[in-house]
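Following: one structure in C-alpha cells, then a few remarks.
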Amino acid sequence: MSNSRLDFHVDLIDESIYDKRDTVVNWDYEDALAYTKTLNELIVASVRPRYQHSPEDIREGLKIEVSAILAKTRDKLVLLDDCIDPEFSARSSILAVSCVTATMADHLLHTIYVYRIPNKKPIQILDKCRAPAIVDEHTMVCKKEILDREGNLSTDVTEVSF
C-alpha cells in the first residue's frame with residue numbers, strides 16, 4: 001500500500017468546509033485540502049482542515065485537525081483539534097508535531113507536541129520552538145525562537161530530552 005490519503009479514506013475536502021460562509025475572506029478551498037504524509041514505516045500523519053463556525057474567530061472558522069495513523073493497523077489517533085501550519089518529525093514510535101500557536105511583533109511562534117505513539121497524550125510540550133527533528137527515542141532538536149526587545153526573531157538549535 002502507498003499510505004496515501006485514499007488508502008486511509010481521508011476525504012480531500014471535509015464535508016464541513018462546504019458550510020463555510022460566503023463572507024470568509026482569509027482562506028479558500030485550497031487552504032482546506034486534506035493530505036497524508038508518511039513519516040516512517042509505523043506512522044502516517046493526517047492533516048484534515050475543517051470548518052467550525054465561530055463569529056469571533058480570527059481564522060474565520062478554519063480548524064486543522066492533525067492525526068497519526070498507524071500504518072499497519074490503520075488505527076487513527078486524533079492528536080490535535082487545531083494545528084496551524086503543522087510540521088512533523090518521527091522516529092520509531094516517537095512523533096513530534098509543530099504548530100503555530102502565537103504571534104509576537106510580526107512573527108509567528110510555534111509549539112511542539114511530542115508523542116509516544118499510540119498514546120494520544122503528549123509526553124512533552126515545548127513553547128517557542130519549531131522545526132522538530134527526532135534524534136532517538138529520548139532526544140529531539142528544534143529551533144528555539146528568541147525575540148529581542150526590538151521585536152527581532154532569531155533561532156538557536158536546542159537539544160531536548162524527554
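Among the GluC sites (Glu not before Pro) in the stretch 79-162, those located in a DSSP loop and surrounded by at most 11 other Cβ atoms within 10 Å of their own Cβ are Glu137, Glu150.
Distance between Cα centroids, the stretch 1-43 to the stretch 135-156: provide it in whole Å. Going from one Cα centre to the other spans 29 Å.
Entry note, the stretch 1-138: relative contact order of 16 percent, from Cα contacts under 8 Å with a spacing of 6+ residues.
Once both labels are positioned 7 Å from their Cα atoms along Cα-to-Cβ, the gap between His107 and Ser154 label points is 1.0 nm. Working from Cα pairs under 8 Å separated by at least six residues, relative contact order for the stretch 9-78 is 28 percent.
Just to confirm the filter: which trypsin sites (Lys or Arg not before Pro) across the stretch 95-162 are DSSP coil and have at most 16 other Cβ within 10 angstrom of their Cβ?
Of the trypsin sites (Lys or Arg not before Pro), the ones in loops of the stretch 95-162 whose Cβ has at most 16 other Cβ atoms within 10 Å are Lys120, Arg149.
Using 0.36 nm per residue and subtracting the Cα-Cα separation, the extra length available between Glu30 and Asn119 on full extension is 28.9 nm. For the pair Asp22 and Ala133 in one chain, pulling the backbone fully straight at 0.36 nm per residue adds 36.0 nm over the alpha carbon distance. When only alpha carbons of the stretch 78-162 are considered, Rg and Dmax amount to 12.9, 42 Å. A full extension of the chain between Asp7 and Asp57 corresponds to an added length of 14.7 nm, given 0.36 nm per residue minus the alpha carbon distance. Histogrammed with a bin width of 5 Å, the alpha carbon distances of the chain distribute as 2, 9, 17, 18, 18, 16, 12, 7, 2, 0, 0 percent, first bin at zero. Taking each of Lys37/Lys144; Lys63/Lys121; Lys120/Lys144; Lys20/Lys121 in turn, the alpha-carbon distance tops 28 angstrom for Lys20/Lys121.
Read the figures in this text as sums done on the coordinates, not as results from a lab. Predicted model, so just to flag it, every value in this text is computed and none were measured. Here the Cβ is made from the backbone with ideal geometry for all residues, glycine too, and neighbour counts use every protein chain on show.
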